[in-house]
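These notes concern the structure reproduced below.
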Amino acid sequence: MDPGAKILSLEQMDQWVASEKASGRRIGFTCGSFDLLHAGHVQYLAAARDLCDRLIVAVNSDASVGRYKNPLRPIVPERERMYVVAGLAAVDAVTILEDDRPLSLLIRWTPELYIKGGDYHVDELRSGDDVRAYGGKVEVIRPGFDTSSSKVIDRIGVLSAHAEPEAASAQTARGLVLLDRDGTLIRNVPFLHDPAKVEILPGVIEGLVQLQAAGLRLAIVSNQQGIGLGYFTAQDFIAVNQALLRELGARGIRISRIYFCPHSLADQCSCRKPAAGMVIRAMRDFKAAPGQTFLIGDSDDDMQAGATAGCHTVRTGKEGFGPAAEQILSLLRQRSKG
Ligand SMILES: [Zn+2]
């Protein structure tokens, strides 16, 4: 059964509620944002379903979550949150809650039970009086797990603040290669924001494999003024990178970090190439001396940024990425001889 079938519009829910009530079933109602579904949600919804014959879950819309929780939330869009909740056996019907509070829906459907999961007393619920006024009853289900979406997010934040331990082999890395993205690794599409348009240029895969095998670490340095100009979002940029990293990863190529400048020319920042900000920051992060750092790019701005930072610059010409990578490899070979 497709969980999507349990997702009902307000009007469909009117009919559904009427028909369930006509069959003598006790309706329970609960609501919430269900942003990152966790054990606590599953436990409370299962317990809620035990109290009634049919359980309605109203999922807060994206706009309402942004208003009552945090403008940066939710993480998961409303259509997907509703679908996930609908996938639970305890849940009979799912609808959207556009308001911050469920009062209008409670009055519309007058469920026998208004159920909330949490650590508060029944009397603390703001809608309690209104529910009792139409003859309904309020139930609070105590949490069975010490978790919440916010705790999961905190945990992710803490984990991402920890630098991933480097493989022992990376600690003996022979240097750092900074790669321009558009026009160097992938075909240049003006203001690229569509992952489907990512096209890795000829010679790139082979070249990166060789550079990595030679003990060099790889990072991207990319100007993305389209973000600053509002042509696309940072999320679009990330989605494009995800497509690129997926293809490179499938070939065993690991891009350690992506540096990007979201500013426009008017911002006069110090990171937008030809300024050297991103290059200097990358060298600092990777503890790579200028002499151990190589920048591959296709434009004057790339060459200028690398030169200002004092690292080796290699420009991809008509022949593409292969000869550029080969230049760096041959330099390394000379060095190891000398
Ligand atoms: Zn910048």
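Structure values in brief
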quantity	calculated
Among residues of segment 236-252, those that are in contact with a strand residue (DSSP E or B) (Cβ under 7 Å, 6 or more places away or on another chain) and surrounded by fewer than 18 Cβ atoms within 10 Å (Cβ to Cβ), counted	2
Pair list, Cβ under 6 Å, 6 or more apart: segment 8-26 residue open to solvent by less than 80 Å² (accessible area, probe 1.4 Å), other residue of a type in the set (Gly, Ala, Ser)	LEU8/ALA93; TRP16/ALA93
Any pair with Cβ under 9 angstrom, 6 or more apart, that starts in segment 263-285 at a residue that is of a type in the set (Ser, Thr, Tyr) and ends at one that is assigned to a loop (DSSP other than H, G, I, E, B) and within 7 Å of the ligand (Cβ to nearest atom)	SER264/ARG272
Pairs, first charged (D, E, K, R) in segment 138-153, second open to solvent by 50 Å² or more (accessible area, probe 1.4 Å), C-beta under 8 Å, six or more apart	GLU139/LEU51; ARG142/ASP119
Filter result (open to solvent by less than 30 Å² (accessible area, probe 1.4 Å) and either in contact with a Lys or Arg (Cβ under 6 Å, 6 or more places away or on another chain) or in contact (Cβ under 8 Å) with a residue 12 or more places away in the chain (or both)) within segment 55-72	LEU55, ILE56, VAL57, ALA58, VAL59, ASN60, SER61, SER64, VAL65
Among residues of segment 304-316, those that are within 13 Å of GLY183 (Cβ to Cβ) and either surrounded by fewer than 24 Cβ atoms within 10 Å (Cβ to Cβ) or acidic (Asp, Glu) (or both), counted	1
Yes/no for LEU103 being within 24 Å of TYR134 (Cα to Cα), modelled with pLDDT under 95, open to solvent by 20 Å² or more (accessible area, probe 1.4 Å) and hydrophobic (A, V, I, L, M, F, W, C)	yes
Positions within segment 115-147 being open to solvent by 40 Å² or more (accessible area, probe 1.4 Å), among the small types (Gly, Ala, Ser) and within 30 Å of the chain's Cα centre (by Cα), in sequence order	GLY144
Checking ALA173 against (1) modelled with pLDDT of 85 or more; (2) of a type in the set (A, V, I, L, M, F, W, C); (3) open to solvent by less than 50 Å² (accessible area, probe 1.4 Å), the condition it does not meet	(1)
Members of segment 239-265 found to be over 17 Å from LEU211 (Cβ atoms) and within 16 Å of the ligand (Cβ to nearest atom), listed by number	TYR259, PHE260, CYS261, PRO262, HIS263, SER264, LEU265
Members of segment 266-296 that are open to solvent by less than 50 Å² (accessible area, probe 1.4 Å) and within 16 Å of the ligand (Cβ to nearest atom)	CYS269, CYS271, ARG272, LYS273, ALA275, ALA276, GLY277, MET278, VAL279, ALA282
Residue in segment 224-238 that is more than 16 Å from the ligand (Cβ to nearest atom) and at pLDDT 95 or above present	no
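The values are calculated or read from the model by the stated rules, or taken from the named source; none is laboratory data. Fair warning: this is a prediction, and the values are worked out from it, not measured in the lab. Reconstructed Cβ throughout: ideal geometry from the backbone, glycine too, with neighbour counts over all protein chains shown. Surface areas here come from the heavy atoms of the whole protein model, side chains and all, with no ligands, DNA or RNA. Shrake-Rupley method; radii C 1.70, N 1.55, O 1.52, S 1.80 Å.
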